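Visitor: Please read through the structure below; I'll follow up with questions.
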């Protein structure tokens, strides 16, 4: 008899224990990002000079990164669809494509930040740049974490194991994308 984790077999709410845990994680992440975004908005409204500072962000890089993340989110949906059809290899391939999208996002972000730092816009340049690097950095750390976890899930999916976890990492990845959808206009477009 194969061992089945309790998180997959027990539910007091009608929602699997694993999915319920993911929802709790996402709620805590909303509190983290909500605090950062609320702080940013309050300071932005109180300091109109931030419009000048935000003019120096690279809107093209931010726009390309938005497209990259949204495309990677589509790949996560396709991975979930494959997992629902019990096609672990296809699910793993789509997860790897999602990870590749995360990697492209991070590479663009690294080039963008290198360029901004070279022009003297560092985390200590002004309060705007402190918020910018903090918000984008916390988001980037979530992209890195999501990619790492996704690699482990892809490995198991390739072997046809734990396919339900494809949905969980997909939900997490969509959350990361939604956060970027808020960050992009606030940091890049609202000038």
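Visitor: Between helix 164-184 and the chain, what is the angle of the helix's C-alpha long axis to the longest principal axis, kept within 0 to 90° and rounded to the nearest 10?
Guide: So the inclination is approximately 10 degrees.
Visitor: How big is Rg to Rh over region 33-96, alpha-carbon atoms, Rh as the Kirkwood inverse-mean-distance radius?
Guide: Looking at region 33-96, the ratio lands at 1.27.
Visitor: In degrees from 0 to 90, rounded to the nearest 10, what is the angle of the helix 88-118 Cα long axis to the longest principal axis of the chain?
Guide: 10
Visitor: So how much slack lies between residue 182 and residue 49, counting 0.36 nm per residue of separation and subtracting their Cα-Cα distance, in nm?
Guide: Computed gain between residue 182 and residue 49 is 45.8 nm.
Visitor: Given only helices, namely DSSP H runs of n ≥ 4 each adding -39500 (n - 2.57), what is the per-residue ellipticity at 222 nm of the chain, to the nearest 500 deg cm²/dmol?
Guide: -27000 deg cm²/dmol
Visitor: Now for a different question. Listing 84, 49 from the residue with the fewest other Cβ atoms within 10 Å to the one with the most, what is the order?
Guide: The order, fewest Cβ neighbours first, is 49, 84.
Visitor: Additional query: Going by alpha carbons, how many degrees (0 to 90, nearest 10) lie between the helix axis of 59-84 and the longest principal axis of the chain?
Guide: 10
Visitor: Sort 104, 77, 166 by Cβ crowding within 10 Å, fewest neighbours at the top.
Guide: 77, 104, 166
Visitor: So how do 73, 141, 130 line up by other beta-carbon neighbours within 10 Å, fewest first?
Guide: 141, 130, 73
Visitor: Whole-Å semi-axes of the chain's equivalent ellipsoid, largest first, each the root of 5 times a Cα gyration tensor eigenvalue?
Guide: Taking √(5λ) for each eigenvalue gives 36, 19, 12 Å, largest first.
Visitor: Which whole-number percent of Cα pairs in region 95-188 have a distance greater than 21 Å?
Guide: For region 95-188, the fraction of Cα-Cα distances above 21 Å is 39 percent.
Visitor: State the extension gain, in nm to one decimal, for the chain segment bounded by residue 171 and residue 89, taking 0.36 nm per residue of separation less the distance between their alpha-carbons.
Guide: Between residue 171 and residue 89, full extension yields 27.6 nm more.
Visitor: If we restrict to alpha carbons, what Rg and Dmax does region 150-191 come to, in Å?
Guide: Every Cα atom of region 150-191 included, Rg and Dmax give 15.1, 49 Å.
The numbers here are math on the coordinates, done by the rules we state, and not lab data. Bear in mind that the values here come from a model prediction, so they are computed numbers and not experimental data. Cβ coordinates were reconstructed from backbone atoms using ideal geometry, including for glycine residues, and neighbour counts include every protein chain displayed.
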